[in-house]
Amino acid sequence: MWGGRFQGGPAEVMEAINVSIDFDKRLAAQDLAGSKAHVTMLARQGIVSKADSEAILQGLDAIGREIAEGTFTFKREFEDIHLNIESRLAELAGPVAGRLHTARSRNDQVATDFRLWVREACERARHGVLMVQKALVAQAEAHTETIMPGFTHMQPAQPVSFAHHCLAYVEMLARDGSRFSDAGQRMNESPLGAAALAGTPFPIDRHQTAQALGFDGPARNSLDAVSARDFALEFLSAATICSMHLSRLAEEIVLWASPAYGFIRLSDAYTTGSSIMPQKRNPDAAELVRAKTGRILGSFVALTTVMKGLALAYAKDLQEDKEQVFAAADALDLALAAMAGMAGDMKPDADAMKRAAEKGFPTATDLADYVVTKLGKPFREAHHIAGAIVKRAEALGVALDQVPLADMRSVEPGLTEDVFKVLSLEASLNSRTSFGGTAPVRVREQIAFWRERLT
Ligand code: ARG
């Protein structure tokens, strides 16, 4: 394909380091679409004849069928997907195939193919995120009154509902979805027609090809068009952040499913057994979702490192972009699908959650708030009073609402019987009615908000 000035063949290791067909065959569909748009435009502009463009289009369609049917042979001697398709086209259509590469280079070709691929990956990720959100909202709907301990520092802090906890992840995922959508929109400019780096003297119409491929328009600078890969980095960074969120939820699922917590049960569908310990029920899917973050962040770091210090315009370093993105996208697709499955599969154990919520005096803040409201004390003083009552409860070995009123009054004489009304988990949950709070009335509003948006 490019051997005109060459005499000797490549060293074996040259071929080994140069070849990319083993992984860039994943760009076949995009490459065919780009070529069709290109040759159609060449014919419209009178750069190739109508008959030639039709022969080329027919050949490209035949190749598309061969690839779909698995009969296409990808050959390492042709380096990459672009040359593999072009050489097969020459076999199918004859010498006219040589006209396809007029006014184009593999540099703008690969940049176009890859943008199309990553644009689709953004869409897929958005859809995957949506599936996880839906599963979490369904859990929330069933559990606005299911009380669990809310933690800070992994210490019991205040009671929250399981619904509220699930919706926290729905919020994170919404931002992930919007990052994929932003990235997808920003990358939607066509490099095609930038040619090798400087543009082309042929009277091409880049607006036409951009439109045919669903781009918003052509990229404005030919050097930038062939050498930019920040679109891939944006995808990888959004993927990294999203996988970090999935990893946090996965970690909670691992904890919750352990007998020490017993907050949820996962079905056989999302657990595995141990080959030695018959009693085991391991949350492997959650653990693997948690682990995928390493691979995805690794891809982001790897590609950023490839890009840094690269002088304009194209250099073969850029060929290293694809494996990183493919690996990260595959890992993310899997992680999102597994998490959507698990989020729907979790069976919360409301009693276990409640028992855990009773430990660690989680309504101590409610007691302090009560002292502020009923006795008009400054919060700092109320905090001190509640702390002394917690100390007393600890000494007696009872929960806050089991401390005798007399003991409480020895700390603060102003306290009366109705203090007990604020000390239950339910009262605490119901009282947190500030916007964004865990009270069931507020959480139900949030569920309605998400129900509407996620359809
Ligand atoms: N396989 C190459 C890549 O992925 C295609 C572009 C090759 N261009 C070149 N001038 N050698 O980047």
Exercise. Residues with amide H under 5 Å of R265's amide H, sequence separation 5 or more or different chain, H placed in the peptide plane at 1.01 Å from N; which?
Worked result: K347, D349
Exercise. So what is log10(I(q)/I(0)) for the stretch 303-412 at q = 0.10, 0.13, 0.15 1/Å, when the Debye sum runs over its Cα atoms only?
Worked result: -0.60, -0.67, -0.76
Exercise. In the structure shown, do any of K50/K322; K134/K347; K292/K359; K292/K322; K354/K377; K292/K316 have a Cα-Cα gap over 25 Å, and if so which?
Worked result: K50/K322; K292/K359; K354/K377; K292/K316
Problem set entry | Amide H contacts of V160 (H built 1.01 Å from N, under 5 Å, at least 5 apart or other chain) | M148, G150
Problem set entry | Karplus 3J(HN,Hα) series, Hz, for the stretch 363-380 with 6.51 cos²θ - 1.76 cosθ + 1.60 (x for Gly, Pro) | 9, 4, 5, 4, 5, 4, 4, 4, 4, 5, 5, 7, 9, x, 7, x, 4, 4
For this session: Take the alpha carbon gyration tensor of the stretch 408-455, find the square roots of its eigenvalues, order them as a ≥ b ≥ c, and report rounded if a/c is under 1.5; if not, report prolate when a/b exceeds b/c, else oblate.
Result: prolate
Exercise. According to the square roots a ≥ b ≥ c of the eigenvalues of the Cα gyration tensor, what is the shape class of the stretch 225-302, taking rounded for a/c under 1.5, prolate for a/b larger than b/c otherwise, and oblate for the remainder?
Worked result: prolate
Exercise. When every alpha-carbon pair in the stretch 28-68 is counted, what percent end up more than 17 Å apart?
Worked result: 25 percent
Exercise. In the stretch 189-231, which trypsin sites (Lys or Arg not before Pro) fall in coil by DSSP and have 15 or fewer other Cβ atoms within 10 Å?
Worked result: R220
Problem set entry | Cα coordinate range in the stretch 199-243, projected on the principal axes (Å, largest first) | 45, 21, 10
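How large is the translational diffusion coefficient of the stretch 1-146 in µm² per second when you combine the Kirkwood radius over alpha carbon pairs with Stokes-Einstein at 4 °C and 1.567 mPa s? Don't skip to the end; give the middle numbers.
Numbers: Rh = 17.8 Å.
Once the numbers are plugged in, D ends up at 73 µm²/s.
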Problem set entry | Extended-chain gain in nm, criterion 0.36 nm per residue less alpha-carbon gap, A315 and R451 | 44.2 nm
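Can you give the convex hull volume per residue for the Cα atoms of the stretch 146-208, as a whole number of Å³? Please report the intermediate quantities before stating the final value.
Numbers: hull volume 7.2 nm³, N = 63.
Enclosed volume per residue, from the Cα hull, is 115 Å³.
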For this session: Working from Cα positions, state the angle (0 to 90°, nearest 10) between the long axis of helix 230-257 and the longest principal axis of the chain.
Result: 30 degrees
For this session: Give the value in nm², to one decimal: projected area of the alpha carbon convex hull of the chain, averaged over all directions.
Result: 29.9 nm²
Exercise. Convex hull over the alpha-carbon atoms of the stretch 301-340: what's its volume per residue in Å³?
Worked result: 62 Å³
For this session: Note down the net charge around K292, summing +1 for each Lys or Arg and -1 for each Asp or Glu among other residues with Cβ under 12 Å from its Cβ.
Result: -1
Exercise. So how far, in whole Å, is the C-alpha centre of the stretch 211-229 from the one of the stretch 155-201?
Worked result: 21 Å
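Can you tell me the length gained on complete extension of the stretch Q155 to E251, counting 0.36 nm per residue apart and subtracting the Cα distance?
Details: separation 96, 0.36 × 96 = 34.56 nm, distance 1.62 nm.
This chain segment gains 32.9 nm when fully extended.
Want the number for A260 to Q211: 0.36 nm per residue separation, take away the alpha-carbon distance, what's left?
Numbers: separation 49, 0.36 × 49 = 17.64 nm, distance 5.77 nm.
Length gained between A260 and Q211: 11.9 nm.
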Exercise. In whole angstrom, how far apart do the alpha carbon centroids of the stretch 232-247 and the stretch 415-455 sit?
Worked result: 32 Å
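With a/c under 1.5 counting as rounded, go ahead and sort the stretch 176-226 into rounded, prolate or oblate using the C-alpha gyration tensor (a ≥ b ≥ c being the square roots of the eigenvalues; past the cut-off, prolate if a/b is larger than b/c, else oblate). Display every interim value, and only then the final one.
Values: a/c = 4.30, a/b = 1.98, b/c = 2.18.
Verdict is oblate for the stretch 176-226.
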For this session: Could you state the angle between the C-alpha long axis of helix 28-44 and the longest principal axis of the C-alpha atoms of the chain, as a value from 0 to 90 degrees rounded to the nearest 10?
Result: 50 degrees
For this session: Tell me the label-point distance for the pair A350, R44, using the 7 Å Cα-to-Cβ offset, in nm and rounded to one decimal.
Result: 6.2 nm
Problem set entry | Mean ellipticity per residue at 222 nm, deg cm²/dmol - from DSSP H runs of n ≥ 4 across the chain, formula -39500 (n - 2.57) | -20500 deg cm²/dmol
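FYI, it's all coordinate maths here, none of it is from the lab. Note that the coordinates shown come from a computational prediction; the quantities given were computed from them, not determined experimentally. As a convention, Cβ positions derive from the backbone with ideal geometry for all residues, glycine included, and neighbour counts pool all protein chains shown.
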